[in-house]
Amino acid sequence: MAKSTVSQLSYEELEAEMKRREKSVRQLQRKRDRLLTQLEAVEKELSEIGGSRARLHAGGRRRPRNEKNLTDAMADTLKGKVLSVTELAEAVQADGYRTTSPNFRTIVNQALLKDDRFKRVSRGRYTVKGSRTRKKTARR
């Protein structure tokens, strides 16, 4: 049905649209009922083999588990090095830190600014306080 104001529709057109929508609602409700029945069967099968229901209801993405928190992983990666935020974000992930964040570089940057263990060496370049580092010269 094309978008138009209700006042422009005739009584017959309104009645036809209401019937069409009611039919669509009934179809969707039947589909939902079938899917719920299938889901219940899958949940029963999972519980029989010792699976968890929590995963089914978690919704969305699941947060990965890491052995260390982000700041500890960053500190380990930065020991003896001076890296940019982008280089650090890539290096932390290369060292095994898992994330599903679409803006991980921003999270790393915020962690560098908030945690006292990190020291800004020059614009956009950081190291761990107390670690002996060789300062890399900027390439131009």
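The values are calculated or read from the model by the stated rules, or taken from the named source; none is laboratory data. Small disclaimer: the values here were computed from a predicted structure and weren't measured. Positions of Cβ are generated from backbone atoms using ideal geometry, with glycine treated the same way; all protein chains shown enter the neighbour counts.
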Return the total of residues in region 56-73 being in a helix (DSSP H, G or I), surrounded by 10 or more Cβ atoms within 10 Å (Cβ to Cβ) and modelled with pLDDT under 85.
2
Condition met for MET18 (in a helix (DSSP H, G or I), out of contact with any strand residue (DSSP E or B) (no Cβ under 7 Å at 6 or more places or on another chain) and at pLDDT 95 or above)
no
For LYS81, the lone unmet condition from (1) without any contact (Cβ under 8 Å) to a residue 40 or more places away in the chain; (2) surrounded by 15 or more Cβ atoms within 10 Å (Cβ to Cβ) is (1)
